[in-house]
Each structure stands twice: as structure tokens, then as C-alpha cells.
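Nothing in this text is a laboratory measurement; each read-out follows from the coordinates by a stated rule. All figures in this text were calculated on a predicted structure; none of them were measured in a lab. Cβ placement follows ideal geometry from the backbone for every residue including glycine, while neighbour counts extend to all protein chains displayed.
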Amino acid sequence: MAPPRHLADFYDRLYFHELNVREQINARLQVPLALIVSNLGLLGFILQNLNRASTGWNAFWFYIWFVTACLFAGVSGYHFIRAAWGYEWEVLPTADELHKYRQECDNIFADWDNADTLTEEALKTALYNAQIKCATANTLINEMRSAHYANTIKNLIIAICSSIGAFAIFYVAELDKTQEIAVVKPIEMKPSEITVKLPVQVTIPQPVLIKGEPDVQFKPAATATTSSPATSESVSPRRSGSEHSASTPTDETRTK
């Protein structure tokens with residue numbers, strides 16, 4: 001017997017509605033994924049730069065907030081994984097399977113008078129039952145995924161708030177190990193020896209004008225049989241005045 005028309009339409013819409021819900025949950029999971037990664041990055045930064053030698057109330061409250069953030073971040077990650085993976089959805093039979101089922105019905109009702117009517121009713125009943133089965137299974141799956149998604153958001157909010165509290169104490173109380181002041185030996189700066197070379201002054205001497213002595217002119221010697229001081233005077237070259245006066249006889253000598 002074929003199902004009522006209104007029920008068949010209702011289960012048909014319900015089946016496709018659950019498929020749409022599946023896609024909506026997949027799209028919504030992208031937001032908590034980004035928040036989980038950001039929160040883990042913040043916790044990793046704090047843990048990497050934490051001065052583990054710090055003590056006191058500031059360190060105590062810091063560890064309280066930090067451990068709380070890590071616990072709730074782990075719980076939110078668990079619910080996120082449960083909301084994203086590990087499910088199998090039920091789908092309607094394929095067109096090939098429906099065609100084979102119709103052929104089987106035709107073979108079964110071949111000897112009946114109303115074989116076509118019985119075949120159509122059997123096919124509608126099979127689709128009706130498949131829609132009920134698939135819609136029910138998908139509804140349960142989507143309900144579980146929605147619950148895990150809600151728990152993911154809840155735990156993630158607590159984890160983010162705890163991470164902010166831990167970071168506030170970490171920053172205000174100066175628990176960062178990079179804030180430690182290390183006393184090192186001062187560096188002695190020795191003045192470097194710098195050799196300054198003065199420019200070399202090169203003196204170019206002025207050209208020396210060398211004046212030559214006047215040319216010595218020789219007079220031709222007079223021919224005489226006897227040599228006399230006058231002859232020797234005329235032959236000798238031009239000399240200085242003192243030498244000339246010494247070689248020339250005076251008038252007093254001649255008179256004698």
C-alpha cells in the first residue's frame with residue numbers, strides 16, 4: 001500500500017533538510033578551528049618565553065590561569081574533533097538501484113492483472129521507507145554533531161578567557177624571561193693608533209741661468225826679432241788689472 005501523499009512530501013523535505021544541516025555544521029566549524037589555533041599559538045608563546053624560575057603569588061595565579069586554559073583548550077579540541085569526523089550519513093538509493101528494483105517488481109507482478117499499479121505502489125513504498133530511514137539516521141547524527149559543536153564553543157570561550165588572564169599576569173608581573181637584566185663585563189674601548197701622513201712638499205727649484213764668461217779675443221802677435229815686455233803684453237790675453245800692473249814696467253824703472 002502506497003503511503004499518503006502528504007507524508008511522502010514531508011519525509012522528502014525532512015531528508016533534504018538534514019543534508020542541508022550537515023553542510024551548515026561543516027561551515028560553522030571553521031570559526032572554532034581558527035580560534036583554537038589562535039589560542040594554542042598564544043599559549044605556546046607564553047610557555048616559550050616564561051621565566052620558570054619565577055615564584056610568588058604572581059607566579060601562582062599565573063599557573064592557575066595557564067593550566068585552566070590548557071585543560072579547556074584540550075576539551076574544546078576533543079569536542080571539535082567529534083563534531084567534524086567519525087560519522088556516516090544515510091542516502092537514498094541511486095537511480096540504478098531503483099531501476100533494478102522496478103524490474104524485479106515487474107517480474108514479480110507479471111502474472112497479475114494490475115501489474116503496473118502494483119509495481120508503482122511498491123516503488124513508492126520503497127522510496128518512502130528509504131526516506132524515513134535516511135532522515136532518521138541523519139537527524140540523529142546532526143543532533144550529536146550540534147551538541148559537540150556547542151560544547152566546543154563553550155569550552156573554547158572559557159579557554160580563551162583563561163588564556164587572556166594568564167597573559168595579563170605574564171605581562172604585568174614581568175614573568176617574561178627576556179626581561180631579565182644580565183650584568184656583563186664592560187667592554188674596554190682602546191683607542192686605535194691612527195697614523196696620519198702629512199703631505200710631502202716637493203720644492204721645484206727655479207731654473208739657474210748660467211752666464212758664460214765673455215769670449216776671449218786674441219790679437220795677432222807682431223813680428224819682432226827681439227822679445228820685449230811689450231811684446232809679451234800684446235800677446236798675452238786680457239787679464240785683471242793687478243796682474244797687468246805687475247807685468248808692466250814703470251816709468252821709474254825705465255829711467256834707471
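Between Asn114 and Arg22, what is the FRET efficiency for a Förster distance of 45 Å, r being their Cβ-Cβ separation, to the nearest 0.05?
Approximately 0.65, to the nearest 0.05.
Modelled label-to-label distance, Glu97 and Gln30, 7 Å Cα→beta-carbon offset: nm?
Rounded to a tenth, the inter-label distance reads 3.1 nm.
So, R0 is 45 Å and r is the distance between the beta-carbons of Trp85 and Asn107; what FRET efficiency does that work out to, to 0.05?
In this case the efficiency is close to 0.60.
With label points built 7 Å along Cα→Cβ from the Cα atoms of Leu42 and Ile157, find their separation and express it in nm.
So the two model labels end up 1.5 nm from each other.
Determine, from the Cβ-Cβ distance of Lys124 and Ala147 and an R0 of 30 Å, the FRET efficiency 1/(1 + (r/R0)^6), rounded to the nearest 0.05.
0.30
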